[in-house]
Amino acid sequence: MKIPFTGSCQCGGVRYECSAEPVFTGNCHCRDCQQATGGAYVPALAVPAAALKITGDVKYFEGKADNGNTVGRGFCPSCGARLFGKSSGMSDIAVIFAGSLDDPGQYKPAMDIYTSSAQPWDHMNPTLPKFPKLPQ
């Protein structure tokens, strides 16, 4: 990925810049991601939280993950675009939803995670490693 990389919500009210390589990339098929997006999975990049600079107002909806951690989904309060994720279990990591990248073609998933929740109609890339939950 070209560093820094940037992105925004649909209306441009929230913008971000990341100055570090992703720690990992993957397509998350958990039910929480499915319900948050209305789709089969969330293509996501995990980055060091300290490397992510956000401008604009981000609203977070919080809930409980299957492991008991508090998870938050960050979205633009004006246009509703989902941009970020966070977890109380990984406070030093920020998650960026790949569709919000200014150049989403830079996103290269390295794995499929939470495949135990994947929908039968979802066609996953057969060359990516599959993990029933989040790998350690």
> trypsin sites (Lys or Arg not before Pro) within region 1-46: which are DSSP loop residues with at most 13 other Cβ atoms inside 10 Å?
Replying inline: 2
> What's the long-distance tail for region 5-119, i.e. % of Cα pairs beyond 16 Å?
Replying inline: 58
> Just in region 59-136: which trypsin sites (Lys or Arg not before Pro) are loop by DSSP and have at most 15 other Cβ atoms within 10 Å?
Replying inline: 133
> Considering amide H positions built from the backbone, and no H for Pro or chain starts, which residues 5 or more places from residue 23, or on another chain, come under 5 Å of its amide H?
Replying inline: 46, 47
>> On a 26 Å Cα-Cα criterion, which of the cross-link pairs 53/130; 108/133; 53/133; 64/108; 64/130; 2/86 come out too long?
In response: 53/130; 53/133; 64/108
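We did not get these values from a lab; they are worked out from the coordinates using the rules stated. If you're wondering where the values come from, they're calculated on a predicted model, not measured in any experiment. Backbone-built Cβ (ideal geometry, glycine too); neighbour counts: all protein chains shown.
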